[in-house]
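Taking it in order: structure first as structure tokens, then the write-up.
The values are calculated or read from the model by the stated rules, or taken from the named source; none is laboratory data. Being a predicted model, the structure only gives us computed values, none of them experimental. All Cβ positions, even for glycine, are placed from backbone atoms using ideal geometry, and neighbour counts span all protein chains on display.
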Amino acid sequence: MRRATGVAATLVGAAVVACGAKSGRQHVDKTDQVVLSWAATGDMVCEWWLRGQLPDQYVVSTLRNAAAAIETSRLTLVSTTTARSRSRS
């Protein structure tokens, strides 16, 4: 799970370089916060699940919510980046 956090941070860092402008950076920062928060949540939930302290359904629900939140943030970042690219053309 920690590897996923590092990969997510690298992707968000690459997006920072691509965005450039302050408003673009704000979107990237928000996406970074969402990804890192859900990665920490997933890490904690998986640890507790492996110890037998959480039911399967709770873990599945939490991880689905994490995936949905990260996808929403990704789509927002992509649409912002796309809109910025079009405005530069």
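Worth a mention:
- The listed residue being small (Gly, Ala, Ser), at pLDDT 90 or above and not in a helix (DSSP H, G or I), out of GLY42, GLY52: GLY52
- The residues of region 42-55 that are closer than 17 Å to ALA68 by Cα and touching a helix residue (DSSP H, G or I) at 6+ places or on another chain (Cβ under 6 Å), listed by number, are GLY42, VAL45.
- Beta carbons closer than 8 Å, at least 6 apart along the sequence or on distinct chains, pair a first residue in region 33-61 that is in contact (Cβ under 8 Å) with a residue 40 or more places away in the chain and surrounded by 14 or more Cβ atoms within 10 Å (Cβ to Cβ) with a second that is among the hydrophobic types (A, V, I, L, M, F, W, C) and in a helix (DSSP H, G or I) for GLY42/ALA4; GLY42/LEU63; GLY42/ALA66; CYS46/VAL59.
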